[in-house]
1. Mind checking which residues of the range 41-60 are closer than 20 Å to residue 143 by Cβ and more than 15 Å from the ligand (Cβ to nearest atom)?
2. Give the range 1-13 a look and list any residue that's assigned to a loop (DSSP other than H, G, I, E, B) and either modelled with pLDDT of 95 or more or buried (at least 19 other Cβ atoms within 10 Å of the Cβ) (or both), or say none.
3. Which ones in the range 176-189 are crowded, with 16+ Cβ neighbours inside 10 Å and either in contact (Cβ under 8 Å) with a residue 60 or more places away in the chain or farther than 22 Å from residue 21 by Cβ (or both)?
4. Might you check whether a residue that is assigned to a helix (DSSP H, G or I), under 27 Å from residue 134 (Cα atoms), at pLDDT 95 or above and touching a helix residue (DSSP H, G or I) at 6+ places or on another chain (Cβ under 9 Å) occurs anywhere in the range 201-217?
5. Would a scan of the range 19-28 turn up a residue that is free of Cβ contacts under 8 Å to residues at least 12 places away in the same chain and more than 24 Å from residue 148 (Cβ to Cβ)?
6. Looking only at the range 80-95, filter to residues that are away from the ligand (no atom under 15 Å from the Cβ) and not in a helix (DSSP H, G or I); which one of those is nearest to residue 113 (Cα to Cα)?
7. Take the residues in the range 64-79 that are in contact with a strand residue (DSSP E or B) (Cβ under 8 Å, 6 or more places away or on another chain) and either free of Cβ contacts under 8 Å to residues at least 60 places away in the same chain or more than 22 Å from residue 104 (Cβ to Cβ) (or both), then tell me which one is farthest from the ligand (Cβ to nearest atom).
8. Spot the failing condition for residue 153; the list is (1) out of contact with any strand residue (DSSP E or B) (no Cβ under 8 Å at 6 or more places or on another chain); (2) modelled with pLDDT of 95 or more; (3) surrounded by fewer than 22 Cβ atoms within 10 Å (Cβ to Cβ), and only one is missed.
Ligand SMILES: *Cc1c(COP(=O)(O)O)cnc(C)c1O
């Protein structure tokens with residue numbers, strides 16, 4: 001089933017849009033099944049689980065951290081992270097930069113944007129995003145790669161499209177305002193239920209869990 005799902009999604013996904021397979025709550029075997037189909041980018045949202053999988057699974061996996069990150073959990077995540085997609089406070093950003101300095105690693109991040117969706121209280125507002133990007137010089141151990149966001153959790157496709165259009169226009173605005181920001185080119189939008197809409201709104205990366213691995217057991 002995993003192989004079938006991956007093939008179907010990959011067939012529809014435009015080339016140039018990266019698929020991150022969100023494997024949270026799923027066992028190692030499920031990840032290996034996807035890996036054996038050629039999938040290399042995986043996303044996890046809990047630090048302990050992230051670290052355990054990163055240590056024990058094949059070392060050429062590209063691990064994306066997509067969950068809420070507390071500063072006392074950095075050592076579980078940052079050594080293994082290819083990209084931390086869920087930077088949602090200045091406090092976290094400072095802690096990540098300090099960890100990077102101590103450990104000699106530049107950490108690639110996305111800023112999580114709070115865009116309209118009532119359910120997700122996490123993330124920077126659009127004006128906060130611009131304020132943070134104004135001060136990137138203060139974070140030499142952080143590489144700002146772009147933005148991550150979630151649309152409102154609703155069946156109303158127009159509302160979802162409006163959310164994605166909003167984050168895309170913020171992304172474009174930031175790229176215009178900060179043209180010297182090296183590598184700020186990633187827009188991570190789109191999940192199982194809404195990724196085709198996200199792709200129509202300029203997504204460069206989709207984070208898909210359920211549509212690949214099935215329902216999660218909590
Ligand atoms: C769980 C999760 C996803 C994947 O959700 P699905 O609906 O299962 O595709 C994507 N992004 C984030 C931030 C998540 O926590």
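The values are calculated or read from the model by the stated rules, or taken from the named source; none is laboratory data. This structure is a prediction, so every number in the text was calculated from the model and none was measured. For neighbour counting, all protein chains shown are included, and Cβ atoms are generated from backbone atoms with ideal geometry for every residue, glycine included.
1. 54
2. From the range 1-13, those assigned to a loop (DSSP other than H, G, I, E, B) are 1, 13; that's our starting set.
Within the range 1-13, just 13 meets the criteria.
3. 181, 184, 186, 188
4. Step one: list which residues in the range 201-217 are assigned to a helix (DSSP H, G or I), which gives 210-213.
Then drop every residue that is not under 27 Å from residue 134 (Cα atoms), which leaves none.
The answer is no; no qualifying residue exists.
5. yes
6. So the residue we want is 89.
7. Per the criteria, the residue is 78.
8. The failed condition is (2).
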